[in-house]
Amino acid sequence: MINKTSGTVVDFDEYQEQKIKKFSLTNQHGVTLSVLGLGSTIYEISVPTKTGKRNLVLNYAHSRDYLDNPFYVCMAIGRTAGRIANGRLMLDGQTIQLPTNEGSTTLHGGAQGFNTQIWQGEIVHATNEDVIKMYHEQASSDGFPGQMLVCVTYSLTKDDVVEIKFSANSNEKTVFNPTQHTYFNLGKTETIKQHWLKINSNQVLELDKQKIPTTKKLPVAHTSFDFQGSTKLGTAIAAMSDTNEKGLDDLFVVQPDESGIIAELADPETNISVAIESKRNGLVAFTANSFTEEHMNLIRTKGVGRPYAGIALEPETLTGLEKENDFSEIELQPNRPKSYTIKYHLHF
Ligand code: FUC
């Protein structure tokens, strides 16, 4: 029996002739969190069951599978989560043309975003608990200004809270709005339709045809986007069958509750739930509507992709809420480090 969260490192595989390592933490309750060097990707969050362990997140057996499709499975996202219209980033009244990677849009930090990078990592051993520290220097060759040093610290408390802390420092003014693109499936089934979701949000952002948010906020009351009370995902998805998206791919304006929680996902069959804590004003909920059959070599579904195989819940800062192309909320000033924390409270 271990008496603190302790860490190990093993070789995972090779990607582009580089060794990819897997960093793991296990706590006193037998919960395991592991992270891959490729993309600072969460590979596993598993909890003990009567017969073994259940992994609560989607994953692949090989590094190459992660970049074989556009779905960012459990990867670290940055410099900026979400979509920048026409790749036009406005900073100090100047337009910076970013490379685009989704038609005319720059999505999730572009083609050289955090998820495509091979991160260095280590287990930092401490008396109370070991932590995983992932490091990476994001070069301005990604099209964004500034050389940015990024560190993501992953910890796992004795109370089964996974904590992800993103910190960055840049030598020039740039933008920083990171998230972790974790897809949860807490159940035994191949989709999340039996899960219940609660989001502390009374508004979603209106989206244009490119899925870029406008400045308009739409009240969720009396719509299928109202998750203020816990709602069965299958019912909500069925009610969205006449929309283009056929499920959730939306930016919710969130208000943390008194414990800092913005959303909660639960599976009644396994009785496992995860509550998400974040201080930022937004949450993207994506029910994997567009998952393709091919190029989705998921372990859980034995090599096939399926819509609704998981749900990504991505805390982030919403930009341009009052004025289009206003990125002031996510600016990172030169040599002024900034951090954002996301927590998953696991109950099982
Ligand atoms: C979410 C969505 C996107 C995209 C990506 C994989 O952030 O908003 O539409 O498909 O995940």
Summing +1 per Lys or Arg and -1 per Asp or Glu among the other residues with Cβ less than 15 Å from Gln18's Cβ gives 0
Using the Karplus equation 6.51 cos²θ - 1.76 cosθ + 1.60 (θ = phi - 60°), what ³J(HN,Hα) coupling, rounded to whole Hz, does each residue of region 294-310 give in order, writing x for Gly and Pro?
7, 6, 9, 7, 5, 5, 4, 9, 6, x, 10, x, 8, x, 6, 5, x
With label points built 7 Å along Cα→Cβ from the Cα atoms of Ala126 and Lys246, find their separation and express it in nm.
4.6 nm
With each label point set 7 Å from Cα along the Cα-Cβ vector, what nm distance links His62 and Ile299?
1.6 nm
Give the lysines reachable from Lys165 as a straight Cα distance under 16 Å; neighbours fewer than 8 places away on the same chain don't count.
Lys133, Lys279, Lys338, Lys343
Set of aspartates and glutamates near Lys211 by C-alpha distance (under 19 Å), chain-local residues within fewer than 8 positions excluded
Glu102, Asp242, Glu245, Asp249, Asp250, Glu314, Glu316, Glu322, Glu324, Asp326
Around Thr214, what is the net charge, scoring Lys/Arg as +1 and Asp/Glu as -1 over all other residues with Cβ under 10 Å from its Cβ?
-1
How would you classify region 109-215 from its alpha-carbon gyration tensor, with a ≥ b ≥ c the square roots of the eigenvalues: rounded for a/c under 1.5, else prolate if a/b is greater than b/c, otherwise oblate?
oblate
Asp159-Ala238 pseudo-label distance in nm [points 7 Å out on the Cα-to-Cβ vector]
3.8 nm
Need the C-alpha centroid separation for region 258-314 versus region 162-217, integer Å.
10 Å
Taking a ≥ b ≥ c as the square roots of the eigenvalues of the Cα gyration tensor of the chain, is the shape rounded (a/c under 1.5), prolate (a/b larger than b/c) or oblate?
rounded
Would you mind working out the magnitude of the charge dipole of region 46-134 relative to its Cα centre, with +1 at each Lys and Arg C-beta and -1 at each Asp and Glu C-beta, to the nearest 20 Debye?
260 debye
Dipole of region 207-348, Cα-centred, from +1 at each Lys and Arg C-beta and -1 at each Asp and Glu C-beta, to the nearest 20 debye?
220 debye
What order do Lys19, Lys198 take when sorted by accessible area (1.4 Å probe), most exposed first?
Lys19, Lys198
Rounded to a whole %, the carbon-and-sulfur portion of the accessible area of the chain at a 1.4 Å probe is 47 percent
Ranking His345, His29, His181, His62 from most to least accessible area with a 1.4 Å probe gives His29, His62, His345, His181
To the nearest 10 square angstrom, what accessible area does Lys211 show with a 1.4 Å probe?
60 Å²
Note to self: with every protein chain in place and a 1.4 Å probe, the chain gives an accessible area per residue in Å² of 43 Å²
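The values are calculated or read from the model by the stated rules, or taken from the named source; none is laboratory data. Quick caveat: nothing in here was measured; it's all calculated off a predicted structure. Cβ atoms come from the backbone with ideal geometry, glycine included; neighbour counts cover every protein chain shown. The protein model used for the area step is the full one, side chains on, heavy atoms only, and it has no ligands, DNA or RNA in it. Shrake-Rupley method; radii C 1.70, N 1.55, O 1.52, S 1.80 Å.
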